[in-house]
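Notes follow once the structure below has been shown.
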Amino acid sequence: MRLLPLRTAALFLGVALTARAEGSKELNVFAAASLREAFAELARLFETRHPATKVQLNLGGSQELRTQIEQGAPADVFASADDKHMQALVLAKLAAGPRVFARNEPVLVVPKGNPAGLAGLADLPKARRIVIGLPEVPIGAYTLRILDAAAKRYGGDFRSRVEEKVVSRELNVRQVLAKVSLGEADAAIVYRTDAGTAKDKVDVISIPSDLNVVTGYPIAVLARAKESALARQFVDLVLSTAGREVLSRYGFRAGNDT
């Protein structure tokens, strides 16, 4: 084994220690569960461009993440599945300047083969077991809006007939999807992008556009961010052409503010 001259070895040691110190930087990104795959790729891309930084993703229901941030959880960036929870943080001066970076739409999902034989949203009350998100969860709130809109077309009791078949209300959209993927529910409403992650286990039924909602995903740097400069750079990446290309690959549409 060749020994390095003392001065050269000291130089290498200094570089290594500097790299290790820089490598201790962590960027904590809180993101809605429906962003899992897209943000995992964006995190890898950011780390490639910032090799001294590790991106830590905390994924969950937007309402859960908001609560964690309000309670002081270390977070640098928040990406929500709706405007409600982002605006709550803005009003509390915990976030500022949110921008919509992506859009999505809900769809009806059924287990592969559609054992309940649902032809469309109008047939949803025929399902024996339905799973939806909690009302506080973005997908849960969107589901109720869709059911209320559908009641104007399919009968005033449409929502109540659907809710009679609800067997569980989940904390985030991935938990809703999992119930259908495992055959534990006959139907659920999830985002189109989430349905795409389980296309071998579920079938997708589109919701009529005049009854559906288009969802917006805002992102912002948080007021308590320990790595505010890196946080701004991550938001810039999400809003960039490269970021839009990643999001598009996972089925998201561009937001209006990009």
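The values are calculated or read from the model by the stated rules, or taken from the named source; none is laboratory data. Everything numeric here is computed off the predicted structure, so don't read it as measured data. Note: ideal-geometry Cβ built from the backbone for every residue, glycine included; neighbour counts use all protein chains shown. Quick note on the areas: whole protein, heavy atoms, side chains included, nothing else; ligands and nucleic acids left out. Shrake-Rupley method; radii C 1.70, N 1.55, O 1.52, S 1.80 Å.
Per residue, how much accessible surface does the chain expose to a 1.4 Å probe? Answer in Å², no decimals.
Roughly 48 Å² per residue, with all protein chains present.
May I have the convex hull volume per residue, in Å³, for the Cα set of segment 125-204?
Spelled out: Cα convex hull of segment 125-204, divided by residues, is 84 Å³.
In deg cm²/dmol, rounded to 500, what helix-only [θ] at 222 nm does the chain give when every DSSP H run of at least 4 residues adds -39500 (n - 2.57) and the total is split over its residues?
-12500 deg cm²/dmol
Taking GluC sites (Glu not before Pro) as exposed when DSSP calls them loop (any state but H, G, I, E, B) and at most 15 other Cβ atoms lie within 10 Å, what is the longest stretch of the chain free of them, the sites themselves excluded?
Value returned for the longest uninterrupted segment is 1-163.
Give the value in nm², to one decimal: projected area of the alpha carbon convex hull of the chain, averaged over all directions.
The Cα convex hull of the chain, projected and averaged over all directions, gives 17.6 nm².
Please report the antiparallel percentage of DSSP beta bridges with both residues in the chain, rounded to the nearest 5.
55 percent
Kindly list the residues of segment 94-135 that lie in the label zone of Glu164, defined by a backbone N under 11 Å from the point 7 Å along the Cα-to-C-beta vector.
Residues 125-126 fall inside that zone.
Take Lys84 and Ala52, extend 7 Å from each Cα along the Cα→Cβ direction, and tell me the distance between the two endpoints in nm.
That separation, rounded to one decimal, is 4.2 nm.
Within the accessible area of segment 129-207, what % is carbon and sulfur when the probe is 1.4 Å and the other protein chains stay in place?
In segment 129-207, the share of accessible area belonging to carbon and sulfur is 49 percent.
Ignoring trypsin sites (Lys or Arg not before Pro) that are buried or in helix or strand per DSSP, and keeping those with at most 16 other beta carbon atoms within 10 Å, what is the longest stretch of the chain between them?
3-92
Determine which residues of segment 224-246 fall in the zone a paramagnetic label at Arg44 would reach in this model, i.e. backbone nitrogen under 20 Å from the point 7 Å along Cα→Cβ.
Those under the cut-off are 234-235, 237-246.
Using θ = phi - 60° and the Karplus form 6.51 cos²θ - 1.76 cosθ + 1.60, what ³J(HN,Hα) does each residue of segment 242-247 get, whole Hz, x for Gly and Pro?
In residue order, the calculated couplings are 4, x, 5, 5, 5, 4 Hz.
Would you kindly derive the ³J(HN,Hα) couplings of segment 118-125 from the backbone phi angles with the Karplus curve 6.51 cos²θ - 1.76 cosθ + 1.60 (θ = phi - 60°), listing them in order in whole Hz, with x for Gly and Pro?
Per residue, the Karplus-derived 3J(HN,Hα) values read 7, 8, x, 4, 4, 8, 3, x Hz.
Can you pick out the pairs among Lys112/Lys165; Lys25/Lys199; Lys152/Lys201 whose Cα atoms lie more than 26 Å from each other?
Lys25/Lys199; Lys152/Lys201, as the Cα separations exceed 26 Å there.
Taking amide H positions as placed 1.01 Å from N in the peptide plane, with prolines and chain starts having none, which residues 5 or more places from Phe101, or on another chain, fall under 5 Å of its amide H?
Correct list: Tyr217, Ile219.
Using only C-alpha atoms and all pairs of different ones, pull out the Kirkwood radius for segment 135-258 in Å with one decimal.
16.8 Å
Starting from the 7 Å offset along Cα-to-Cβ, what nm value, one decimal, do you get for the label separation of Leu144 and Ala229?
My value for the distance between the label points is 4.5 nm.
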